[in-house]
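The values are calculated or read from the model by the stated rules, or taken from the named source; none is laboratory data. In this text the structure is predicted, and so the values were computed from the model without any measurement. Glycine gets a Cβ as well: all are built from the backbone with ideal geometry, and neighbour counts include every protein chain shown.
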Amino acid sequence: MVREKDFDIPFSGLKLGTHQFDFDIVESFFELFENSEVKKATLKVAIKLNKKATLLDLEFDISGNVELSCDTCADLYLQDLNEQFNLIVKFSDLVESTESDEIIILSTREHTLSLAKSIYEFIHLSLPSKRSHADEEECNQDMLENIRQFEIKEQTEKEDVEIDPRWASLKNIKHK
Ligand SMILES: [Zn+2]
């Protein structure tokens, strides 16, 4: 079982310059978060941290695959991911400092950077808007056939409605 703490970087002891951190992301990582869309994945997150005098500059490289549900046939499939993200960590004790996906503000008294939440968010930002098997031939053919049958049935029912005058008048009411 992984813990959020496993993704902490104690940065205060690091020398100025670039440091490399590699994390393996597996199933149990997503159990740290409620309602994660991703449940299964095999990912590598390579982080290049550049420590500067006043800030930390991080480059995330996320690669591997996640299990998603196909939009076309609803079966699970493995989606390759290969995405890069940047994160800047600034230091301030002002309450009004604003954070975003790309900027984290830490107190000047902080010594540790927690990256679990950023890794989680970046993985979800990497997910494609269209999710499907690379080729429709890989789709669940039985399911595709069911969907086709269902669409034919729906189409026939629609035509019935148009033919039946009682339904036709109801339809007019609905459109008013
Ligand atoms: Zn499919």
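Some observations on this one:
- Qualifying residues in segment 118-131 (those that are in contact with a helix residue (DSSP H, G or I) (Cβ under 9 Å, 6 or more places away or on another chain) and touching a residue at least 60 places away in the same chain (Cβ under 8 Å)) - the one surrounded by the most Cβ atoms within 10 Å (Cβ to Cβ): Ile123
- Scanning segment 137-176 for residues that are surrounded by 12 or more Cβ atoms within 10 Å (Cβ to Cβ), at pLDDT 90 or above and part of a helix (DSSP H, G or I) turns up Glu138, Met143, Leu144, Asn146.
- Residues of segment 120-132 classified as within 11 Å of the ligand (Cβ to nearest atom) and in contact with a Leu (Cβ under 8 Å, 6 or more places away or on another chain), total: 1
- Only residues that are surrounded by fewer than 12 Cβ atoms within 10 Å (Cβ to Cβ) and at pLDDT below 95 were counted in segment 11-27, giving 2.
- Each residue in segment 69-87 was checked for being under 15 Å from the mean Cα position of the chain (by Cα) and either under 30 Å from Asp57 (Cα atoms) or among the small types (Gly, Ala, Ser) (or both), and 8 pass.
- For segment 133-149, residues that are more than 11 Å from the ligand (Cβ to nearest atom) and of a type in the set (S, T, N, Q) total 2.
- Some residue of segment 43-60 being away from the ligand (no atom under 16 Å from the Cβ), assigned to a loop (DSSP other than H, G, I, E, B) and among the small types (Gly, Ala, Ser): yes
- Once segment 28-47 is narrowed to residues that are surrounded by 14 or more Cβ atoms within 10 Å (Cβ to Cβ) and not β-branched (Val, Ile, Thr), the residue that is nearest to Leu87 (Cα to Cα) is Ala46.
- Residue in segment 100-115 that is touching a Ser or Thr at 6+ places or on another chain (Cβ under 7 Å), in the same structural domain as Gly13 (by TED's automatic domain parsing) and of a type in the set (A, V, I, L, M) present: yes
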